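Input: a single structure, listed below in structure tokens.
The values are calculated or read from the model by the stated rules, or taken from the named source; none is laboratory data. Only a predicted model underlies this, so the values are computations on that prediction, with no experimental measurement involved. Ideal geometry is used to build each Cβ from the backbone, glycine not excepted, and the neighbour counts take in all protein chains shown. With ligands, DNA and RNA removed, areas are computed over all heavy atoms of the protein, side chains included. Shrake-Rupley method; radii C 1.70, N 1.55, O 1.52, S 1.80 Å.
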Amino acid sequence: MATDLSFSVIIPTFNREIFLLDAVRSAVNSRPKNTEIIVVNDGNKLLESTKNILDSLNVTTLETEGGVGASEARNYGAKHATGQWLLFLDDDDLIQNGYWKTLSEFLLHGNKTHH
């Protein structure tokens, strides 16, 4: 199951803290044990209240030099990731309930209908 896999969820953001917190909460609320969440801020400094929330959710926060773009922010997060599998979310994406279970089963066992 999911405990046999480890994931790194990388979320780049650029000045969209309202959306970011919803995306992070959806990832946190549905993640299996071996999952780290990394937010890569490519915009203005995050508000102190946002930093506090991210810290309380055990989210790693990284900052680029600013304005490098989503692709470079994703790559920066990937360099710091420790999971076996990298998942990239936008800062306005939400993870559906049951996503991790389905994904883990597919990664562990494949889609048997195509074998």
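Dimensions of the chain from C-alpha coordinates, computed as largest minus smallest value along each principal axis and given longest first, are 48, 25, 21 Å. Using the rule -39500 (n - 2.57) for each DSSP H run of four or more residues, divided by the residues of the chain, the 222 nm mean residue ellipticity is -12000 deg cm²/dmol. Pairs of Lys residues in the chain that lie 8 or more places apart, or on two chains, and have C-alpha atoms under 26 angstrom apart add up to 8.
Between residue 109 and residue 6, the distance separating the two model label sites (each 7 Å from Cα on the Cα→Cβ line) works out to 2.5 nm.
Split the accessible area of segment 11-115 by element, probe 1.4 Å, and carbon with sulfur accounts for 51%. Rolling a 1.4 Å probe over the protein heavy atoms gives the chain an accessible area of 60 Å² per residue. Entry note, the chain: relative contact order of 41 percent, from Cα contacts under 8 Å with a spacing of 6+ residues. Summing Cβ point charges (Lys, Arg +1; Asp, Glu -1) relative to the Cα centre of the chain gives a dipole of roughly 400 debye.
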